[in-house]
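K.L.:
Take a look at this one; I'll ask things after.
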Amino acid sequence: VSMYPMLHLQNIWAILVENRVSVKSLVAVLSFLVLTGKAKGANVQQRVGGLHASSLYLLLLGIPGSIAHKVFHEVLLDVCSDLWSHCWPQESGKKRKKDGLKSSQAEGKRSRPQRKDILEVDEEEEEEEEVHFSGPDLMKIRDAVILLVQSLLRLLHTFPLKDRPQNASNFTQVFCKLLYFEPVIGELTFATLRSVPEMAFYGLQLLCLPKHGNQREVKYNREIDVYLRNCMLCNETLFERYTLQHVTKLCYFTNDLCVYSHLVEVLKELALPLLHILLQHICFQMVEKSEFRSHGAQAVGMLISEMTSTDYACFIKWLFNFSRHTKMVCRLFSVDVVMVLLEQVERRPEECQDPHLACFLPSKFLIQSLLFRSADGRSPTVQGHALSCLAQCLELPSLNVTRAVHNLFSASEKTHTHTHTHTHTHTKHQSLAFSPPLQFNLHLIRRDVSYYIFFNAAKENVALLLRRVKDSKTNVRKSALQALVGLLKHDVIPMSLENLAMLSERCRDPAVSVKKKALQSVGELLIARPECSAVQKAWLQGVVPAVVDSENSVQDKALEALDQILLSQVKLYSASCHLDTSQRLAWDLLCLLCHDCQNLSQYFSRAFTTWSKQDKFTPTFTTNLISHTEADHADGAWLLLSKVAASSPRLPYGKILDTWDSIVSSKGANVTTCCHILSVIGNIAAYLNEDTKDRIVNDLMYLLKTFNLSLEVISAAVETLYQLGCTEDIKLTQVGDLSFSLTYTNFYLAAIILNENGAQNLNEELMVKHLHTLGVVSLLCPAKVGKRTVLLVESVLTTHSDKLADCQIELPASQPLSQFKANSLPTRVRAHGVITLGKLCLQHEELVQRYLPVFARELEVGTEVAVRNNVVVIMCDLCVRYTTLVDHYIPNISACLRDNEAVIREQTLIMLTNLLQEEFVKWKGSLFFRFMVVLVDPVPAIASMCQYCLLHLLLKKNPEMFSQHFIECIFHFNSYCKHKSYNKFPQSESEKVRFSLKGVQNRGKRFQIYRFLLEHFTDAQRFNISNKINQTVLACFVDEELPLDADGAEILSETFNILSLKEMKLQAISNMATVAKAVLQAAQNKVVSQVQKKAFIENTVPLIISLKSLLEQKRSVLRELMAYLQVTMQDYENEVKEFFLVMSSWRLRWSLL
């Protein structure tokens, strides 16, 4: 053909005859080349030659006269058109088939192994068929395939298939497969044939021409055939063929969607009957990957936009039912579809012809009945995704969508309508005197009822969201946080303390990802509402403590937020300049730290410790900071300066000293600011001259002697005095001044305590300040504290107690504080006296030995909450310095975990957790079991805190802690002491009664503890604990080491109930990150399961048989035993039957002998 480009194609037959070329022979040669290229082992040249031969045959067939010269051959035409599928390498398909075979075998429980000879034959065939091609070779084959497709298109232009339906059907199949020959980056245009898929679709369009059949029939049947094939209503599912790399899969999927959309545009009304089928099939065949779900949802939205409102409403009704499907991916995809539909223009109900379907059109239905209902579903993944999408709804431009979200969580709009209606009705009633009052009242009642129903529903929805913020699943908590912040930002729910506290609490979440999300969320809220004081407090309470988080990445995120919001906004101040929003926010936050959030000061100091190592405090920063000390926000400036001064001592001392002089002269300075200024003076003390130091010392001593300072300023003043006296020249002088303070305090205390009428003229505030001063000075000058001082402080603590009058016999030689000389000092004074005595003990070991028994007895018999609470704090502080001495009194401290006062239980839990973390206290004696009892504390907040301490602070240091103490929990909580090993640690009778959970009334509490422990066991620990229970509990009853009396029956019954718990079973694989990890875990799980079954048959079954006989004789605990057997037979039915079969055969053999 190329030799005669100017000739008409129909003259090719004459040219062939002139050159003595037989058409039949030519076709035979082309057929040989085609069959050679079709062979599985063909090389590149043979495959390219076969493709070119096919193209040439198709060109010949398309020339007029081909039928007359007998070129047409039905089978050869089909082979040539489909030759590309044999020439293009299909390694991925073979691999997929092999992998699919393996996966199908893995799904069966007991799949039969394949025969070895069959496997060997398959491997040999694969080796023979496997042909490797280089990149250039593949490009040659691809070019030949393109040439073949172009020849097919040229053939369809000239060669009619109207009388050849089989060939037309085969061409349809070929073009359908060519749609997935290669992925196309971007959308398919169908206008320019730049890729094989686009050429294939153009070929499908050519097949719809009248020359290839009846126009309407062919167009409908062929297009619908393609439609159904692209819908994959055959054997393979929507994503089975996407076995390539992830990007390639996505390209194929995008191409599919383009084909679907184009078909709908081409077919128009012909496609509508099957459009529902296509949409439903996309929904049902969707996979869980978010990228595919996103593209699929966009496709559904694009296709559904072509529907009428009635058809649209029908699909929404179907989608509502689809969102309740049992498969999680279906519910996930329904949420994605809802989000896409919400971005479209809302359809009006009057556009729907069926009034029963009109309710499905508004956005309100999509949000409230589909989206929010999914957030209340049973799957954590769906819940999290629905909540995340709910937050995104508030960012959509549609007013109806925003209003629907408001109606879910807020009654503000309804409240406005309700109030307006009342006013209007009331006015009408006044103007029309003849109106019947009964109708007016009924109208109001109906309005009230509807309003309160709406209000309660909104309140319940908010409560549901807050529960999701504290959900057990990490992804649910993260999504709920996102939704909560969105509602707060858009004023859907109020900025209440409860809502904001939920955000700040999540910044201390056990999961690192949730903590980071909470930090980000509270930051977004602060940027959106910088003027709101409540939001500022929530931000500080969430971000500032995070600087000491155990996770470094969380620390870095918190430090970055503090740096960006606070430090970077410290600019040079001038009275004439205006602070922008960011700067005003920074100073508002610093002022809050000075006043309302002073409890965050220690965390804030840790941030400056980190920043000082990074050289953030440059001279420019210090200069800018000093310029703010005379502004209206000077409190915040002095706070920053007190933190910076330790690492940047080269400050402008003159301005600092001038401020101090003004404070001394004014005598009305803010307490917090005064403390910060004193801290700055203490940090720069080494750089001051002696005259300046003497002047400051005189000022401080004058202020201390007046005792007009607050407790915080007293502590700061004493600390500053000590720092000023650290130089060699005046050290002795300053210590002498502090000693004078001790002398003055001793004189005052003696005048009050030793004088019979001293208590009558007592100034409680002044007494507290003297005690506080004494305690602070004693820490800095322990050598100046005499015996008289100690006795005076001890005398402060004496009080009368009628409670102890009846128990004099039980008192030890060391009498408690409440047994000394009685006085009438207030509880607040005695509470401060305990703190002061504790500070004296910190510096004197002999005092610790003397007063530890006193403190311990006061914990047991004291009646004043403040005194006992301070005793707990003092004893735990002493444990850090005098660990060996205090270790003996840890049971006395831990007994406070069951105190009648919640504040003491909480304080004890916190203090003991800190000691256990630092390993000043060990898990000895009854300490572990007392912690377990806190899990069932009547105050939910204390129980929740105990769970947090155990799981996220203590269990990490000792992973075997739960399993080591589990069996002993059974004996301890039932107060059973007859076992030779368990529950043998010393306890007083009062402690046994206090921590006992014995009895039917406490059964729920005991099993709550058991379940908590078992939930956090590993499979290996569950396996080991089951065996250990058999050996140490069941075997003891079988061997009659433990009597089967009433108490023993209770223990045995409880043991069987524990063994029947679902938490005792081995857990299945869940949420594996990778396939390799899943396979490894599956293998390990299988091995552990087999070992467990073997151990059960060998060890447990004989024990159960023996126990059953014993219990039948005693007529005890049989019900619990049978319940345990019923649960066990569900997992070990085959093994137990096999065991009894073997036993029966042995008995038969024994009888024959």
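The values are calculated or read from the model by the stated rules, or taken from the named source; none is laboratory data. Keep in mind it's a predicted model, so treat the numbers as computed, not measured. Neighbour counts are summed over all protein chains in view; Cβ atoms, including those assigned to glycine, are modelled from backbone coordinates with ideal geometry. The protein model used for the area step is the full one, side chains on, heavy atoms only, and it has no ligands, DNA or RNA in it. Shrake-Rupley method; radii C 1.70, N 1.55, O 1.52, S 1.80 Å.
K.L.:
Need a quick list: helices (runs of 4 or more DSSP H) entirely within the range 363-455 having at least 1 residues that are within 23 Å of residue 467 (Cβ to Cβ) and modelled with pLDDT under 85.
P.N.:
Values: elements: 372-375, 380-393, 399-409, 412-431.
Fully inside the range 363-455 and qualifying: 372-375, 399-409, 412-431.
One line per residue, one yes/no per condition, for (1) at pLDDT 90 or above; (2) within 17 Å of residue 916 (Cβ to Cβ); (3) β-branched (Val, Ile, Thr); (4) not in a helix (DSSP H, G or I):
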| residue | (1), (2), (3), (4) |
| --- | --- |
| 863 | no, no, yes, yes |
| 868 | yes, no, no, no |
| 872 | yes, yes, yes, no |
| 880 | yes, yes, yes, no |
| 897 | yes, yes, no, no |
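K.L.:
I'd like to verify a number: residues in the range 495-552 that are of a type in the set (S, T, N, Q) and in contact (Cβ under 8 Å) with a residue 40 or more places away in the chain, how many?
P.N.:
Narrowing the range 495-552 to residues of a type in the set (S, T, N, Q): 496, 499, 504, 513, 520-521, 533, 536, 541, 550, 552.
Pick out the ones that are also in contact (Cβ under 8 Å) with a residue 40 or more places away in the chain and you get 521, 533, 536, 541.
Matching residues across the range 495-552 total 4.
K.L.:
Of the residues in the range 938-960, how many are in contact with a helix residue (DSSP H, G or I) (Cβ under 8 Å, 6 or more places away or on another chain), modelled with pLDDT under 90 and under 21 Å from residue 907 (Cβ atoms)?
P.N.:
Going through the range 938-960 one residue at a time, the tally reaches 1.
K.L.:
Considering every residue within the range 727-736, establish whether at least one is open to solvent by less than 40 Å² (accessible area, probe 1.4 Å), in contact with a Ser or Thr (Cβ under 7 Å, 6 or more places away or on another chain) and either modelled with pLDDT under 80 or not in a helix (DSSP H, G or I) (or both).
P.N.:
no
K.L.:
Just checking, does the range 1025-1045 include any residue being closer than 25 Å to residue 953 by Cβ, of a type outside the set (Gly, Ala, Ser) and open to solvent by less than 70 Å² (accessible area, probe 1.4 Å)?
P.N.:
Narrowing the range 1025-1045 to residues closer than 25 Å to residue 953 by Cβ: 1025.
Right, trim to of a type outside the set (Gly, Ala, Ser) and you get 1025.
Checking the rest, the ones that are also open to solvent by less than 70 Å² (accessible area, probe 1.4 Å) come to 1025.
Looking through the range 1025-1045, at least one residue is closer than 25 Å to residue 953 by Cβ, of a type outside the set (Gly, Ala, Ser) and open to solvent by less than 70 Å² (accessible area, probe 1.4 Å).
K.L.:
Sticking with this one: Give the range 508-562 a look and list any residue that's small (Gly, Ala, Ser), out of contact with any Cys (no Cβ under 6 Å at 6 or more places or on another chain) and closer than 18 Å to residue 469 by Cβ, or say none. First the steps, then the outcome.
P.N.:
Let us first name the residues in the range 508-562 that are small (Gly, Ala, Ser), namely 511, 513, 518, 521, 523, 528, 533-534, 538, 542, 546, 550, 553, 558, 561.
Pick out the ones that are also out of contact with any Cys (no Cβ under 6 Å at 6 or more places or on another chain) and you get 511, 513, 521, 523, 528, 533-534, 538, 550, 553, 558, 561.
Once the filter is applied, which keeps residues that are small (Gly, Ala, Ser), out of contact with any Cys (no Cβ under 6 Å at 6 or more places or on another chain) and closer than 18 Å to residue 469 by Cβ, the range 508-562 yields 511, 513, 521, 523, 534, 538.
K.L.:
Still on this model: Please verify whether the range 794-805 includes one or more residues that are at pLDDT 80 or above and touching a Ser or Thr at 6+ places or on another chain (Cβ under 9 Å).
P.N.:
Applying the first criterion (at pLDDT 80 or above) to the range 794-805 yields 794-796.
Filter once more, keeping what is touching a Ser or Thr at 6+ places or on another chain (Cβ under 9 Å): 796.
Scanning the range 794-805 turns up at least one residue that is at pLDDT 80 or above and touching a Ser or Thr at 6+ places or on another chain (Cβ under 9 Å).
K.L.:
In the range 912-950, how many residues are in a helix (DSSP H, G or I) and open to solvent by less than 30 Å² (accessible area, probe 1.4 Å)?
P.N.:
Just the residues of the range 912-950 that are in a helix (DSSP H, G or I), to begin with: 912-917, 927-934, 940-950.
Checking which are open to solvent by less than 30 Å² (accessible area, probe 1.4 Å) leaves us with 912-913, 915-916, 927-934, 942-943, 946, 949-950.
Total satisfying the criteria: 17.
K.L.:
Only one residue in 984, 992, 978, 957 is basic (Lys, Arg) and free of Cβ contacts under 8 Å to residues at least 12 places away in the same chain. Which one? Talk me through it step by step, then tell me what you get.
P.N.:
Details: 992 fails: free of Cβ contacts under 8 Å to residues at least 12 places away in the same chain; 978 fails: free of Cβ contacts under 8 Å to residues at least 12 places away in the same chain; 957 fails: free of Cβ contacts under 8 Å to residues at least 12 places away in the same chain.
Exactly one residue qualifies, and that residue is 984.
K.L.:
Turning to a different aspect of this structure: Filter the range 896-908 down to the residues that are surrounded by fewer than 22 Cβ atoms within 10 Å (Cβ to Cβ) and among the aliphatic types (A, V, I, L, M) and list them by number.
P.N.:
Selection gives 902, 903, 904.
K.L.:
Further, regarding this structure: Quick one: is residue 350 part of a helix (DSSP H, G or I) and out of contact with any strand residue (DSSP E or B) (no Cβ under 6 Å at 6 or more places or on another chain)? Write out each step before concluding.
P.N.:
On the way: part of a helix (DSSP H, G or I): yes; out of contact with any strand residue (DSSP E or B) (no Cβ under 6 Å at 6 or more places or on another chain): yes.
Yes: the conditions hold for residue 350.
K.L.:
Any chance the range 86-101 includes a residue that's in a helix (DSSP H, G or I) and at pLDDT 85 or above? Please lay out each step first, then the result.
P.N.:
Start the filter on the range 86-101 by keeping residues that are in a helix (DSSP H, G or I), which leaves 86-87, 91-101.
Now restrict to residues that are at pLDDT 85 or above: 86-87.
Scanning the range 86-101 turns up at least one residue that is in a helix (DSSP H, G or I) and at pLDDT 85 or above.
K.L.:
Could you tell me which residue of the range 518-565 is least open to solvent (accessible area, probe 1.4 Å), considering only residues that are among the acidic types (Asp, Glu) and not in a helix (DSSP H, G or I)?
P.N.:
Narrowing the range 518-565 to residues among the acidic types (Asp, Glu): 524, 531, 549, 551, 556, 560, 563.
Checking the rest, the ones that are also not in a helix (DSSP H, G or I) come to 531, 549, 551.
Numbers: 531: 132, 549: 24, 551: 72 Å².
Among those residues, the one meeting the criterion is 549.
K.L.:
Let me ask something else about it. Please specify each residue of the range 554-583 satisfying the condition of being acidic (Asp, Glu) and at pLDDT 90 or above. Can you show your working first?
P.N.:
Looking only at the range 554-583, we keep the residues that are acidic (Asp, Glu), and these are 556, 560, 563, 580.
Of everything in the range 554-583, those that are acidic (Asp, Glu) and at pLDDT 90 or above turn out to be 556, 560, 563.
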